[in-house]
Amino acid sequence: MIGRIFGWGSDRSASELPVERGPLGVAIGGGIDIDTLSLQANLAGAETAMPVPPGGMLIVAAYGEARLDAGMILSRYYDADNTILQVLSASAAPGDDLLDVSLYRPWDSVVPAGPADWARWRGSSGLIGQSRYDADGLLFDRFWGDGAGRADLVEFVETVDDGERRREIHQSCMLYARPLGQDREMLLINIERDLAGGASREGGSVEFIIGYGLMAADIRRL
């Protein structure tokens, strides 16, 4: 996960004025209250891939931002355990309307051994981008892309800032989902590459991240 690149939790100067970041206007070290009661009710009795996030306060250890297209910016608030509160907005300016809100947590990670192993994941016939992904018996259908054949991965560069350092992280990803209870469980498969680091051209690792949708009313800045 991206947190390994930074190593969250280093000391910062208390004299620095906090910078409000993203549509929630939360500074590094600031808090976001997340209410998952409705989510837990919708998933009651369902067998989730991992425990449903309990909600409560998320302390922001880093903030990431990426432009997806002319009218959509992705903002990510990371805590020290790599939980990600992800929001989409038109400009990412503090107070901007939240178009989509989701909460993700890391589930698994794979470091391919070499080019042949990378091709198995992201090659022209690779696992990522196929219409269905079997995660140890849990079947997820592709959420992005049309048709039965393999879809191209979505690619963007996320600028991640922990208040001391900024990194440009190239990401190639595909979103999958499966119906669960009265909601759905999402699986984001993401290949991360630090553009300033020594990661190979293919990437540094394949990350598997489980997520759930939230309502804008479920989160608030503290």
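Each value in this text was obtained by applying a stated rule to the coordinates, not by laboratory testing. Note that the structure is predicted; figures quoted are calculated from it, not measured. Using ideal geometry, Cβ is built from the backbone for each residue, glycine included, and neighbour counts are taken over all protein chains shown.
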Kindly provide the trypsin sites (Lys or Arg not before Pro) of the stretch 143-222 that DSSP labels as loop, not H, G, I, E or B, and whose Cβ sees at most 12 other Cβ atoms within 10 Å.
-> Arg201
Protection proxy ranking, peptides 39-48, 97-106, 57-66, average beta carbon neighbours within 10 Å, highest first = 57-66, 97-106, 39-48
Long-range amide H contacts for Ile28: which residues qualify at under 5 Å (H placed 1.01 Å from N, peptide plane, sequence gap of 5 or more or a different chain)?
-> Val19
Square roots of five times the Cα gyration tensor eigenvalues for the chain, Å = 27, 23, 16
In the chain, with Lys and Arg counted as +1 and Asp and Glu as -1 at Cβ, which of these residues, Ala66, Tyr176, Leu153, has the Cα nearest the positive end of the dipole, that is, farthest along it?
-> Leu153
For the stretch 37-51, 3J(HN,Hα) per residue [Karplus equation, 6.51 cos²θ - 1.76 cosθ + 1.60, θ = phi - 60°, Hz, x = Gly/Pro] | 4, 5, 4, 4, 5, 5, 9, 4, x, 8, 8, 7, 5, 8, x
Which residues qualify? For Ser205, with a placed amide H closer than 5 Å and at least 5 residues away or on another chain, they are Glu192
Can you give me the relative contact order of the stretch 2-221 as a percent, contacts being Cα pairs under 8 Å and 6 or more apart?
-> 22
